[in-house]
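This report concerns only the one structure given below.
The values are calculated or read from the model by the stated rules, or taken from the named source; none is laboratory data. None of these values were measured; they are calculated from a predicted model. FYI the Cβ positions are ideal-geometry reconstructions off the backbone, even for glycines, and counts take in every protein chain you see. For the accessible areas, the whole protein counts, side chains as well, though only heavy atoms, and no ligand, DNA or RNA atoms are used. Shrake-Rupley method; radii C 1.70, N 1.55, O 1.52, S 1.80 Å.
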Amino acid sequence: MGVVIKGCKLGCCSPEVAALPRGGWDDAGSKIDGRRTEHLRREWAATSARIDRMQADYPKCKLCGQSTMRLDQAGLCSKVTEVHKTYRVRLGLPAVPAPAPAARGRGGRR
Ligand SMILES: [Zn+2]
Ligand SMILES: [Zn+2]
């Protein structure tokens, strides 16, 4: 039994590949070593899974299903597409939601 040399933490790269300078990116940072593409894919998959978990806790827009930090009075996200505007108007609300109070308090009377 030899010594186990670890590759990357995602288990896709050999130790040699994991030790590439700049993680396998070239000097300009625009091209990555072909052996690292699987690593990038896994890294991205892990990141988007994390984002999905985070967003699962957010309320969702009734119209487009977009997760958002804060729904407006109509229960919609902050988009201002025609469907979103129409829906708000039907409820008797302004077509475009008023800005959040924090943004409004600025630059008032001096
Ligand atoms: Zn890897
Ligand atoms: Zn929406």
Going Cα to Cα from LYS31, which lysines come in below 25 Å? Please leave out same-chain ones fewer than 8 positions away. LYS6, LYS9
Starting from the Cα of LYS60, draw a straight line to each of the lysines and keep only those under 18 Å, dropping any in the same chain fewer than 8 residues away. LYS79, LYS85
Ordering 86-96, 33-43, 50-60 by per-residue average of other C-beta atoms within 10 angstrom, highest first, gives 33-43, 86-96, 50-60
Label point distance in nm, LEU93-ASP52, each placed 7 Å from Cα along Cα→Cβ: 2.9 nm
Which length gain, in nm to one decimal place, applies between GLU82 and GLU38 when the Cα-Cα distance is subtracted from 0.36 nm times their residue separation? 11.8 nm
Rounded to the nearest whole Å², what accessible area per residue is found for the range 10-57 with the 1.4 Å probe? 72 Å²
If you wrap a convex hull around the C-alpha atoms of the range 10-96 and split its volume per residue, what is the figure in Å³? 133 Å³
Out of the total accessible area of the range 10-57 (probe 1.4 Å, heavy atoms of protein only), what percent is carbon and sulfur? 54 percent
